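Novice: Encoded as structure tokens, here's the structure I'll be asking about.
Just so it is clear, none of the values below were taken in a lab; they were calculated from the coordinates. If you're wondering where the values come from, they're calculated on a predicted model, not measured in any experiment. Methodologically, a virtual Cβ is constructed for each residue, glycine included, from the backbone with ideal geometry; neighbour enumeration extends over all protein chains shown.
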Amino acid sequence: MPRNPRQKQKLLYLKKILLEKTDEEHGLTVNELIAELESYGINAERKSVYDDLRSLELFGLDICVEKSKTTRYYIGSRDFQISELKLLIDAVQSSKFITEKKSMELIKKVESLASENEAKLFQSQVIISNRVKTPNETIYYNIDRLHDAINHNRAVTFYYNEWTLNLGSSEKIKLRRRRDGALYRVSPWALCWDDENYYLIAFDDKSESIRHYRVDKMEKITVTDDSRKGDELVKKINLADYAKSTFSMFAGESVELTLSVHNSLVGVIADRFGKNVFITRDDNKQDFFILKTNVNISGQFFGWIFALGDKVEIVSPEEVRALFKAHVGDVSKIYREEKP
């Protein structure tokens, strides 16, 4: 009788069955493993299955044995623990720069790293509908092209979009190209995930400064043959510090800021700036400390300061204090005016 050509694949299919069908709560007997192999058109004898299990174990697969009335085999440890896979799924769900379609595709791939029974636990916890997600289905290709440009030291061109209001249309809010559709040309240096969005940190050729761009709002990215610019400026700054100092990735003038902060907000400060910031005791206020750090001044930063109330004070520079006072005054003016 001619040998079944699929017999050569028996060891591979046995590994696949164990990874997909078994875990600590769900083992399979040898007879059940033989039945699973038969579903793939592979006949197997008990002795050959025992030999294959030993071979897979020697290869490094963590095959555990549970002996009771019957002997069952299952996969013990895997490349990822359940808690680690859940973290990855949560990150995908919360990422606004990944479309709903791509989110579901990614989650399916993450689930495949667990057994089928473990994956069912994830499926009951996946919530994608009605979350804020980008409509840009080219996000993956954008990231690939930007990584390619960074790795090969190349400049890129693209169109950049912004949300606009059009109350006279059925689509009230839609994207349109900035700068009247003019082409952007920058030198990409890093990609950064901030506030659930993905950003490109790049050297802008025209302004000769570091800027950042939402990757999901970039369109028709082209990797050019021209070398990147801005290496001297990038060497002078720490890109990680730049990302940390830029609130919600809105550009503004970077200044050295001194804040007086109530001791109860030390966790808020550590979450925003990290634990290695320069702080000292505030000798002028009880239960307050002084924080000195570089921050990009913007409306978003002022909003963060305002939300902390009387537990944070901008000490210096004086011009930033004045800007914040004016900002608060402009906002409060809206509510002081009586409605007609």
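Novice: Taking a ≥ b ≥ c as the square roots of the Cα gyration tensor eigenvalues, with a/c under 1.5 meaning rounded and otherwise prolate when a/b beats b/c, else oblate, which class fits segment 41-131? Let's see the in-between values first.
Specialist: Working: a/c = 2.85, a/b = 2.65, b/c = 1.08.
Prolate, because a/c is 1.5 or more and a/b exceeds b/c.
Novice: Suppose each label sits 7 Å from its Cα in the direction of the beta carbon; what would the SER68-PHE278 distance come out to in nanometres?
Specialist: Once both label points are built, they end up 6.4 nm from each other.
Novice: Something else about it: For helix 82-94, report the angle its Cα long axis makes with the longest principal axis of the Cα atoms of the chain; keep it between 0 and 90° and round to the nearest 10°.
Specialist: Approximately 40 degrees, to the nearest 10.
Novice: With point charges of +1 on the Cβ of Lys and Arg and -1 on the Cβ of Asp and Glu, referenced to the Cα centre of the chain, which listed residue (HIS147, PHE278, ILE334) lies farthest in the positive direction of the dipole?
Specialist: Ranked along the dipole, the leading option is HIS147.
Novice: Regarding the chain, what is the average projected area of its C-alpha convex hull, in nm²? Before the final figure, lay out each step's value.
Specialist: Working: hull surface 119.5 nm².
Hull-based average projected area comes out at 29.9 nm².
Novice: So, one more: Can you tell me the dipole magnitude for segment 30-107 around its Cα centre, using point charges on the Cβ only (Lys, Arg +1; Asp, Glu -1), in Debye to the nearest 20?
Specialist: Values: 11 positive and 14 negative charges, 41 e Å.
Using only the charged Cβ atoms, the result is roughly 200 debye.
Novice: A further question on this structure: How much mean residue ellipticity at 222 nm does the chain get from its helices, if each DSSP H run of length 4 or more adds -39500 (n - 2.57) and you divide by all residues, to the nearest 500 deg cm²/dmol?
Specialist: -11500 deg cm²/dmol
Novice: Cα axis of helix 46-59 to longest principal axis of the chain: angle in degrees, 0 to 90, nearest 10?
Specialist: Roughly 30 degrees, rounded to the nearest 10.
Novice: Specify the residue with the greatest mean-square fluctuation among LEU146, LEU58, LEU191, computed from a Gaussian network of the chain linking alpha-carbon atoms under 10 Å apart.
Specialist: For the chain, modelled as a Gaussian network with Cα springs under 10 Å, the answer is LEU58.
Novice: Measure nothing but the geometry: give the 0 to 90° angle between the long axis through the Cα atoms of 30-39 and the longest principal axis through the Cα atoms of the chain, rounded to 10°.
Specialist: So the helix axis and the longest Cα principal axis differ by about 80 degrees.
Novice: Across the chain, where is the longest run that never hits chymotrypsin sites (Phe, Trp or Tyr not before Pro) in a DSSP loop with at most 14 other C-beta atoms within 10 Å? Could the numbers behind the result be given before it?
Specialist: Working: sites that count: TYR40, PHE80, PHE250.
It runs 81-249.
Novice: Here's something else I'd like to know. Provide the FRET efficiency to the nearest 0.05 for the ARG176-ALA270 pair, computing r from the beta carbons and using R0 = 41 Å. Walk me through the numbers on the way to the answer.
Specialist: Numbers: r = 40 Å, r/R0 = 0.97.
Efficiency, rounded to the nearest 0.05: 0.55.
Novice: Amide H neighbours of VAL315 under 5 Å, counting only residues 5+ apart in sequence or on other chains, H built in-plane at 1.01 Å?
Specialist: Counting only residues 5 or more places away or on other chains, the set is THR258, LEU259, SER260.
Novice: Suppose a student asked you for the relative contact order of the chain, using Cα pairs under 8 Å spaced at least 6 residues apart; what percent would you report? If you can, show how the numbers build up before the last one.
Specialist: Numbers: 463 pairs, mean separation 36.4, N = 340.
After rounding, I find 11 percent.
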